[in-house]
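Enquirer: Provided herewith is a single structure, encoded as structure tokens, for subsequent inquiry.
The values are calculated or read from the model by the stated rules, or taken from the named source; none is laboratory data. All of these numbers come straight from a predicted model, not from anything done at the bench. Methodologically, a virtual Cβ is constructed for each residue, glycine included, from the backbone with ideal geometry; neighbour enumeration extends over all protein chains shown. Surface accessibility is based on the protein's heavy atoms, side chains included, excluding ligands, DNA and RNA. Shrake-Rupley method; radii C 1.70, N 1.55, O 1.52, S 1.80 Å.
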Amino acid sequence: MATPTTSTKLLLSDFASTVQNVPSNYIRPFNDRPNLTQVQVSDASSIPLIDLDGLHGPRHSEIIQQIALACQNDGFFQVKNHGITEEMINNMLNIARKFFKLPESERLKSYSDDPSKTTRLSTSFNVKTEKVANWRDFLRLHCYPLQDYVHEWPTNPPSFREDVAEYCISIRGLVLRLLEAMSESLGLQRDYIDKALSKHGQHMALNYYPPCPQPELTYGLPGHTDPNLITILLHDDVPGLQVLRNGKWVAVNPIPNTFIINIGDQMQVLSNDRYKSVLHRAVVNCDKERISIPTFYCPSPDALIGPAKDLIDHDHPAVYRDFTYAEYYDKFWKRGLETECCLDMFKISTTASSL
Ligand code: OGA
Ligand code: NI
């Protein structure tokens, strides 16, 4: 059967199941492929699992210590007993599933290729600038302050706005608890990070990765760090997330009713490089669709971000210059998902600082 080299469809989910080969615009160059056979399988020790039960009680200092270690050494951890019900988690995953099963014409009402839009359905990463496409469709929503955005959200499935809004509020509650804990774990005032984010921002993505006939040739998302402060990832039971550890890609095994928390670029800056924004990627597979729902918690665009003054001293000079989050975010989307982190563009050059 002849395979089209490109597709006339806007969304991957509307042609993925009709091709026997990956169309040419999805094929990565030889030296930039997932090498799936060389990926390590995660075991209990590969990503810390932190039990948040007792954070405001008897286990407080133990949990703060665990968070500090995970943020320094791993950049990633999983949380259980996070206060978000199993029912809400399953409901959110189901809403996402239902959304991506809607008829093409219904979904396309939300389509846009303009990354500055606050609500949009799109595909790959940035179709306007990228050279190779990614095996992913996504619905991206801004969700804080809710009342500014909820009227833009899809109205189908019918409970979408209500259910997703409820989920966003709960996740924000979890984030605020984590931000206090992380501030404390850095030896800062408990409200330090809260204040550093100015008015705060919260975005989310509903990622849909269809089954792929040749997963060795392409990515759901290539290796990247997240440009925001911290990410709270909910995913279904299909593996796909991989994290770079000690130079090797490690596959993360989903654990039901947990969230994956990862440090983003802004936390690396605030902590003056103590906490690490770590490379991760999503790979696809032949048999199963996969849903992931990251919440990207971020500063508001006007927030002035830079290393916390209390974390700068003679032995730890400021690694980054101050910048607004708007400036950072704009550079991130224009640059695309390059493996080299966007952070490098905001480093104080060592030659200048040693003068
Ligand atoms: C992201 C991301 C991972 C996944 O959306 O930034 O890293 O498993 N997603 O979908
Ligand atoms: Ni990411």
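Enquirer: Determine how large the accessible area of L36 is when every protein chain is in place; take a 1.4 Å probe and give Å² rounded to the nearest 10.
Expert: That residue has around 50 Å² of solvent-accessible surface.
Enquirer: Need the list of lysines near K347 for cross-linking: C-alpha distance under 18 angstrom, and skip anything on the same chain fewer than eight residues off.
Expert: Reachable lysines: K276, K309, K331.
Enquirer: Additional query: Multiplying the sequence separation of V127 and H56 by 0.36 nm and subtracting their Cα-Cα distance, what value in nm do you get?
Expert: 21.1 nm
Enquirer: While we're here: What does the net charge come to around T350 if you take all other residues with beta carbon closer than 14 Å to its beta carbon, with K and R at +1 and D and E at -1?
Expert: Result for the local shell: 0.
Enquirer: If you project the alpha carbons of region 16-353 onto their three principal axes, what span does each projection cover, largest first, in Å?
Expert: 60, 45, 39
Enquirer: For the chain, what is the percent of antiparallel DSSP beta bridges, rounded to the nearest 5?
Expert: Numbers: 46 of 52 bridges.
Antiparallel: roughly 90 percent of the beta bridges in the chain.
Enquirer: Go through region 297-307 residue by residue and turn each phi into a ³J(HN,Hα) via Karplus (6.51, -1.76, 1.60, θ = phi - 60°); whole Hz please, and just put x for glycine and proline.
Expert: Ordered by residue, 3J(HN,Hα) equals 8, 8, x, 6, x, 7, 4, 8, 9, x, x Hz.
Enquirer: Still on this model: First compute the accessible area of the chain with a 1.4 Å probe, then give the percent of it belonging to carbon and sulfur atoms.
Expert: 51
Enquirer: Moving on to the next point. Under 4.7 Å Cβ to Cβ, no partner at all: give me those cysteines from the chain, in residue order.
Expert: C71, C212, C286, C298, C341, C342, each lacking another Cys Cβ under 4.7 Å.
Enquirer: Here's something else I'd like to know. With an 8 Å cut-off on Cα pairs and a minimum separation of 6 or more residues, tell me the relative contact order of the chain in percent.
Expert: Once divided by the residue count of the chain, the mean separation gives 20 percent.
Enquirer: When the Karplus curve 6.51 cos²θ - 1.76 cosθ + 1.60 is applied with θ = phi - 60°, which whole-Hz ³J(HN,Hα) does each residue of region 173-187 get, with x for Gly and Pro?
Expert: Karplus-based 3J(HN,Hα) across region 173-187 equals x, 4, 4, 4, 5, 5, 5, 4, 5, 5, 4, 4, 5, 8, x Hz.
Enquirer: Counting helices only, and only those DSSP H runs with n ≥ 4, report the 222 nm mean residue ellipticity of the chain as the sum of -39,500 (n - 2.57) divided by its residues, in deg cm²/dmol to the nearest 500.
Expert: -7500 deg cm²/dmol
Enquirer: Note down the relative contact order for region 45-91 as a percent, whole number, built from C-alpha pairs under 8 angstrom at least six residues apart.
Expert: Averaging sequence separation for qualifying contacts and normalising by length gives 49 percent for region 45-91.
Enquirer: Taking the 0 to 90 degree range and rounding to the nearest ten, how far is the long axis of helix 60-73 tilted relative to the main principal axis of the chain, both from C-alpha atoms?
Expert: Once rounded, one gets 60 degrees.
Enquirer: Give, as a single signed number, the net charge of other residues whose beta carbon lies under 12 Å from the beta carbon of T118, with Lys and Arg counted +1 and Asp and Glu -1.
Expert: Result for the local shell: 0.
Enquirer: Considering only protein heavy atoms, what per residue accessible area in square angstrom results for the chain with a 1.4 angstrom probe?
Expert: Roughly 45 Å² per residue, with all protein chains present.
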